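The block underneath contains the structure these notes are about, expressed in structure tokens.
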Amino acid sequence: MRLEAVRGDLTTEPVDAIVNAANSSLLGGGGVDGAIHAAAGPTLLAECREVRRTAYPSGLPVGYAVATGAGNLPARWVIHTVGPNWHRGERDEAALASCFTASLAEAVRVGARSVSFPAVSAGVYGWAGATVARVAVAAVRGFEPADAIDQVRFVLFSDRLHDEFAAALRA
């Protein structure tokens, strides 16, 4: 599995699946979640409403992942995961790691071979970027079956986050 960190816009990634740092409602929000919903168009929201109606009527729990189609995005799937919120006292690194491993497991389930991640929980959820980078890289490196995924890209929206992920990849 190839891993890399790039500075960019997750919504333009030419990969099989992008990961959405979603809120538990799956119905859109701010940050990465809002950008993905805006770029994907109304089809994504309709699919998320169906997931809420059928599989997760109380919302997607922290550390879980679920795939939908990607609407107007270049990716084929959006894998939604809910990161732990530092401000709410959700500070378990295992829950954060689960966002990455559960998303990869969901990617394997739908047949995705290339996946792009944001820095889940590093934005409005308040986790330190360096911690997210360390946990994310370790989780992805430890994912089995490793040969089920060809490429993982961490697509970061700031130079600071890019540098923190690049450092974690070198470690």
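The values are calculated or read from the model by the stated rules, or taken from the named source; none is laboratory data. Only a predicted model underlies this, so the values are computations on that prediction, with no experimental measurement involved. Cβ sites come from the backbone with ideal geometry, for glycine too, and all protein chains shown count toward neighbours.
Observations on the model:
- Cβ-Cβ contacts under 6 Å between residues 6 or more apart (or on different chains), taken from a first residue in region 50-77 that is among the basic types (K, R) to a second residue that is buried (at least 19 other Cβ atoms within 10 Å of the Cβ), are listed as R52/L26; R76/D16; R76/A70.
- When V120, V132, V124, V82 are checked against the criterion of being modelled with pLDDT under 95 and over 20 Å from P14 (Cβ atoms), a single residue qualifies: V124.
- Among the residues of region 86-102, not a single one is among the basic types (K, R) and in contact (Cβ under 8 Å) with a residue 60 or more places away in the chain.
- Selection within region 9-53 - more than 16 Å from E106 (Cβ to Cβ) and β-branched (V, I, T): T11, T12, V32, T43
- Failed item, numbered, when V120 is tested on (1) under 18 Å from R170 (Cβ atoms); (2) in contact with a Cys (Cβ under 8 Å, 6 or more places away or on another chain): (1)
- Residue pairs whose Cβ atoms lie under 8 Å apart, separated by 6 or more positions or on different chains, with the first residue in region 106-131 and basic (K, R) and the second assigned to a strand (DSSP E or B), are R109/A67; R113/Q151.
- When the residues of region 1-32 are filtered to those that are at pLDDT below 95 and assigned to a helix (DSSP H, G or I), the one that is surrounded by the most Cβ atoms within 10 Å (Cβ to Cβ) is V32.
- Considering region 123-171, and only residues there that are part of a loop (DSSP other than H, G, I, E, B), closer than 23 Å to V108 by Cα and of a type outside the set (A, V, I, L, M), the residue that is nearest to the chain's Cα centre (by Cα) turns out to be F143.
- Test for V155: is it of a type in the set (A, V, I, L, M), within 13 Å of L96 (Cα to Cα) and touching a residue at least 60 places away in the same chain (Cβ under 8 Å): no
- Looking only at region 130-159, and only at residues there that are in contact with a Gly (Cβ under 9 Å, 6 or more places away or on another chain) and surrounded by 14 or more Cβ atoms within 10 Å (Cβ to Cβ), the one that is nearest to G83 (Cα to Cα): V132
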